[in-house]
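Written below as structure tokens is the structure these notes are about.
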Amino acid sequence: MKDTGIYGLLAEFENVNDAITAARSTYAAGYRKIDAYSPFPVEELSEAIGFHKNGVALICLIGGLLGCTGAFILQWWINTISYPINIGGRPFNSWPSFIIVTFEMTILFSGLSAVFGMLALNGLPMPYHPVFNVPRFEFASKDRFFLIIFSTDKNYDPARTRQFLERLNPISVAEVPA
Amino acid sequence: MAKPTEVEVGEQKAPVIQPGHTFASLNEKIGGIVLKRPIKGGWILGMFICFVILQWFLLAVCWLFYKGVGVWGVNIPVGWGFAIVNFVWWIGIGHAGTLISAILLLLRQQWRNSINRFAEAMTLFAVACAGMFPIFHLGRPWLFYWLFPYPNTMTYWPNFRSPLVWDVFAVTTYLTISLVFWFVGLIPDFASMRDQTDNKLIRFIYGSLAMGWRNSVRHWSRYETAYLLLGGLATPLVLSVHTVVSFDFSVGIVPGWHTTIFPPYFVAGAIYSGFAMVLVLAIPIRKFYGIEDLITMRHIENSAMVMLATGWIVAYGYAFEAFMNWYGGDPYESFLRWNRLHGPYAWTYYLLLFTNLVVPQVLWFKKIRNNTVLLFFVSLDVLVGMWLERFVIVIVSLTRDFVNSSFGQYYPTQWDWAIFIGTLGFFSACMFLFMRLLPAVSISELKTLLPQAEVKVKHEETEVHQ
């Protein structure tokens, strides 16, 4: 890492196809610490920067399994050990009537794990991020696409990386102060 | 540029978005409703009326809490009264929002993208209204937390064999999941609003809600996975919620309740009334806020067709109920049939058949589906009809069950009406606030429908294998 006081170089693109092409070229040129920004989800763009898998589904599965087993064990424990009541001679562990609460808790836990897992993996909430220092970055939520090469990338060089980005047909290239 | 989006190619349907929009114009238009549009007289008048009703509601609730449920018309034999009728009605209305946001998401019905936001808001407010009724009905509402399994000094636990406890879990899960689904959908739009405004305070508020969302594609990738998973989870959830609500009845042995058709029939009825509410809200909203290019006739017509279809499922439910009353040969069920048709509440049953089965048949005609004024009134009619359906199920069955000596009548009091109408005020006040405070249409999801969002660079061209 070269300590330049700079977080990275941010290139702005007019449309989604330019951004994808640029991201692929950047990845092909050996840059790995890169990120892209788009006003709506573009699967090809995250693929282009080499981001293929995310852990949200796994977290959701784990949450769901926990909710499912937890809810069933709780009901089983309550009805057989902690507070057994004989209702019409039915077995204490009358599991068919526990299915519904088990199901609802599976949904609740997996849903909440998916959401909080997504936020945690994304590092949100994050009140400050250097990329917001670039005034034009506010268009990332409107109609522009951005590509950033972080200064921590091993191939990063202030002059050469800027030249490289400028060849990719951007509207503008800006330094992001750290 | 003015090319229609792919969804309607081949058929002459109204487009999902009127052509001519750009990414920026969507931000301007949807964000502008909140950020730039001045508050007009119509909004103030509407909000004022709802606010007055809301105060009336609060007064009624205070009186109820002070005096107890005796201020209502509930008494033996009718212990359930308006509270349960309204609970089932409201929670049913909520179901259309989840259907639009989750089931249509999984079915890749792209037209959902412009109506899902306010339909989800509708769900949330409707479930909030629904959730209040069982709590009001508890008698000692401040002890509502006894319904949850928590370790306590009384060493007691809830009875997990009871449908009423299942209901607590189903409804709280539904409320929670609807809330996070809605909020997750809003995060990128909060970021758009944050970037769009120059006002520091507004920027701070939306910025806080966006939690630092910066549109990174890594974030989007996880976001999309989470959103899709929520859709996949909310789909069985929404079907389960009204199923569990129907168990409150069908697990009991009261004539007219103890039937196996209840779960599907309740779910269909829920979606029926929910789409009616979607139309009742969408028709004025798109007109007054000038978003007819985003919520197009396509949405209106599709919703009308869903209403017609679910209306027929409900009709099937009525027919089968009647058939089983006869075919089952149970004298109490046969009496129930007679009582519905000729008893003291017969007028509610005939009115129900008229509003729910007869009137909505006008939706077969394309002309009426495209006439927003008529459609608005047909939807109101369906809402009334579905309320009557729950009235017939709860009240008519309870007033005359098994033994003649326990027959009785039910008379709602002014406090029953005050609380019912009060929740309508609460619901409408929430919708009025929602329209002014949050983007009523999903900005980022609509962008994916624009022709400019189409990815033309093929994947294999430049793919690099590590």
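Here are the numbers:
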item	result
Mean Cα-pair separation over length for the stretch A:56-121, i.e. relative contact order, pairs under 8 Å, 6 or more apart, %	59 percent
Measure of compaction for the stretch A:56-121 (Cα Rg per 2.2 N^0.38 Å)	1.36
Peptide A:138-149 - average C-beta neighbours from other chains (10 Å radius)	6
Cleavage-rule hits, GluC sites (Glu not before Pro), the stretch B:287-391, DSSP coil, Cβ neighbours within 10 Å at most 15	B:Glu292
Tail weight of P(r) past 20 Å, computed on alpha-carbon pairs of chain A, percent	64 percent
Distance cut-off 18 Å, percentage of C-alpha pairs in the stretch B:39-176 lying past it	68 percent
Compactness index (Cα Rg / 2.2 N^0.38 Å), the stretch B:99-176	1.46
Chain B: DSSP helices with Cα axial extent of at least 20 Å and average Kyte-Doolittle hydropathy no lower than 0.0	B:41-67, B:81-98, B:116-136, B:163-196, B:217-250, B:262-288, B:297-327, B:372-391, B:414-437
Mean ellipticity per residue at 222 nm, deg cm²/dmol - from DSSP H runs of n ≥ 4 across chain B, formula -39500 (n - 2.57)	-20500 deg cm²/dmol
Under 12 Å, Cβ to Cβ, from A:Val16 - net charge with Lys/Arg +1 and Asp/Glu -1	-3
Rh (Kirkwood; distinct C-alpha pairs) - the stretch A:106-178, Å	15.1 Å
Exposed-site-free run, longest, chain B (rule: chymotrypsin sites (Phe, Trp or Tyr not before Pro); DSSP loop; at most 15 other C-beta within 10 Å)	B:157-364
Distance from the stretch B:135-157 to the stretch B:13-39 (C-alpha centre basis), Å	47 Å
Violating pairs (Cα-Cα greater than 28 angstrom) within the set A:Lys142/B:Lys200; A:Lys142/B:Lys366; B:Lys36/B:Lys447; B:Lys287/B:Lys447	A:Lys142/B:Lys366
Ratio of Rg to Rh over chain B (Cα coordinates, Kirkwood Rh, two decimals)	1.00
Inter-site label distance for A:Glu43 and B:Leu179 at 7 Å from Cα along Cβ, in nm	3.3 nm
Taking A:Thr21, B:Thr98 and counting other C-beta atoms within 10 Å, the order from fewest to most	A:Thr21, B:Thr98
Rounded Å value of the spacing that divides the Cα centres of the stretch B:212-243 and the stretch A:70-90	34 Å
Exposure proxy ranking, count of Cβ atoms within 10 Å, fewest first, for B:Thr172, A:Thr152	A:Thr152, B:Thr172
Part-to-part distance (alpha-carbon centres) for the stretch A:1-44 and the stretch B:164-189, which is given in Å	36 Å
Relative contact order %, chain B, counting alpha carbon pairs below 8 Å whose residues are six or more apart	30 percent
Cα-Cα pairs of the stretch B:230-380 separated by more than 19 Å (percent)	61 percent
Residue exposure sequence - B:Arg37, B:Arg286, B:Arg298 - by fewest surrounding Cβ within 10 Å	B:Arg37, B:Arg298, B:Arg286
Two-decimal log10 I(q)/I(0) for the protein assembly as shown, as the Debye equation yields it once each C-alpha is a single scatterer, q = 0.06, 0.11 Å⁻¹	-0.39, -1.13
Longest DSSP-loop-exposure-free segment, trypsin sites (Lys or Arg not before Pro), chain A, at most 14 other Cβ within 10 Å	A:54-153
In nm, spacing of pseudo-spin labels at B:Gln18 and B:Leu424 (7 Å Cα→C-beta vector)	3.2 nm
For the stretch B:365-462, alpha-carbon Rg relative to the globular expectation (2.2 N^0.38 Å, N residues)	1.95
The stretch B:274-335: projected area of the alpha-carbon convex hull, averaged over directions, in nm²	5.1 nm²
Estimated dipole of the protein assembly as shown in Debye, rounded to 20 [Cβ of Lys and Arg +1, of Asp and Glu -1, Cα centre]	700 debye
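A short reminder: the numbers here are calculations on the coordinates, not readings from a lab. Only a predicted model underlies this, so the values are computations on that prediction, with no experimental measurement involved. Here the Cβ is made from the backbone with ideal geometry for all residues, glycine too, and neighbour counts use every protein chain on show.
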